[in-house]
Amino acid sequence: GAVVSQHPSWVICKSGTSVKIECRSLDFQATTMFWYRQFPKQSLMLMATSNEGSKATYEQGVEKDKFLINHASLTLSTLTVTSAHPEDSSFYICSAREGKGAYEQYFGPGTRLTVT
Amino acid sequence: QQQVKQSPQSLIVQKGGISIINCAYENTAFDYFPWYQQFPGKGPALLIAIRPDVSEKKEGRFTISFNKSAKQFSLHIMDSQPGDSATYFCAATPYSNSGYALNFGKGTSLLVTP
């Protein structure tokens, strides 16, 4: 149980275009989802927290107009990187928390974004 | 500001040996301490977790030791295997109905040699 999927697993896009990454909880309802960014050989950096039906809460330094997060249902959250630039190239990972009162967070397999 | 400090940064252990990774925290509001295992190009996988009401938790070859007074916790991997070679992250979070994010350590790259 507690499986989180991400799509796509990798994507290459041209500078200036937008890219949407999906995060789904497959076998549980996720009231809270988190989006992280990870650079090579580094730890996970929290970008934003989203609760179903609410606006996402962004971490300091993360541009909310650039990284659009939507958590429209209890099983789906999306991250859209708008007007992507090469410096946005990174490994993006989502995690989901199984319902209120639960501690455990389960991570998706990640999405490798390369902006050319 | 790193809320969870993890050491060592890298670790080499022979097959069959014990791998030990340590973490320390300052925030006394933290009350959930998970360990994640991450292979290259993959998302982190929850390995084992502990709450402060116990001092040790064991699952197979993996054991968490927790010292509340010292605000430290550690992961022990017994009988380490080459397949355990991965990056390990400790994390901590306070309890909240709305869901606080995990505070991660910087990670430990473990290499288990044959």
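What does the charge count near A:HIS7 come to, summing +1 for each Lys or Arg and -1 for each Asp or Glu among other residues with Cβ under 10 Å from its Cβ?
With Lys, Arg at +1 and Asp, Glu at -1, the net is +1.
Which GluC sites (Glu not before Pro) does segment A:32-100 hold that lie in a coil by DSSP with at most 11 other beta carbons within 10 Å?
A:GLU63
Which order do you get for B:HIS76, A:HIS71, A:HIS85, A:HIS7 if you rank them by accessible area with a 1.4 Å probe, largest at the top?
Descending order: A:HIS7, A:HIS85, B:HIS76, A:HIS71.
Can you compute 3J(HN,Hα) from phi for each residue in segment A:27-44, using the Karplus curve 6.51 cos²θ - 1.76 cosθ + 1.60 with θ = phi - 60°, rounded to whole Hz and x for Gly and Pro?
With the stated coefficients, segment A:27-44 comes to 10, 7, 9, 9, 6, 10, 10, 10, 10, 10, 10, 9, 8, x, 6, 10, 7, 7 Hz.
Would you mind checking B:LYS5/B:LYS58; B:LYS15/B:LYS68; A:LYS14/B:LYS42 for any pair whose Cα atoms are more than 26 angstrom apart?
Result: B:LYS15/B:LYS68 exceed 26 Å.
Give me the percent of accessible area attributable to carbon and sulfur for chain A, probe 1.4 angstrom.
With neighbouring chains kept in place, the figure for chain A is 51 percent.
Quick one: with all protein chains in place, what share of the accessible area of chain B is carbon or sulfur, to the nearest percent (1.4 Å probe)?
Of all accessible area on chain B, carbon and sulfur atoms account for 49 percent.
Rounded to whole Hz and in sequence order, give me ³J(HN,Hα) for segment A:71-81 from the Karplus expression 6.51 cos²θ - 1.76 cosθ + 1.60, θ = phi - 60°, writing x for Gly and Pro.
10, 6, 9, 6, 10, 9, 10, 10, 10, 10, 8
Of B:ILE12, A:ILE12, A:ILE69, which has the most accessible area and how do the rest follow, probe 1.4 Å?
B:ILE12, A:ILE12, A:ILE69
How large is the accessible surface per residue of chain B, computed with a 1.4 Å probe and reported in Å² as a whole number?
Accessible area per residue: 49 Å².
How about chain A: what cysteines have no other cysteine beta carbon under 4.7 Å from their own?
Flagged as lacking a Cys partner: A:CYS13.
Taking the Cβ of B:HIS76 as the centre, find all other residues whose Cβ is under 14 Å away and add up their charges (Lys, Arg: +1; Asp, Glu: -1).
With Lys, Arg at +1 and Asp, Glu at -1, the net is -1.
The values are calculated or read from the model by the stated rules, or taken from the named source; none is laboratory data. What you are looking at is a predicted structure, and each value in this text was computed from that prediction instead of being measured. Please note: Cβ atoms are built from the backbone with ideal geometry, for glycine as well, and neighbour counts cover all protein chains shown. Calculation scope for accessible area: heavy atoms of the full protein, side chains included, ligands and nucleic acids excluded. Shrake-Rupley method; radii C 1.70, N 1.55, O 1.52, S 1.80 Å.
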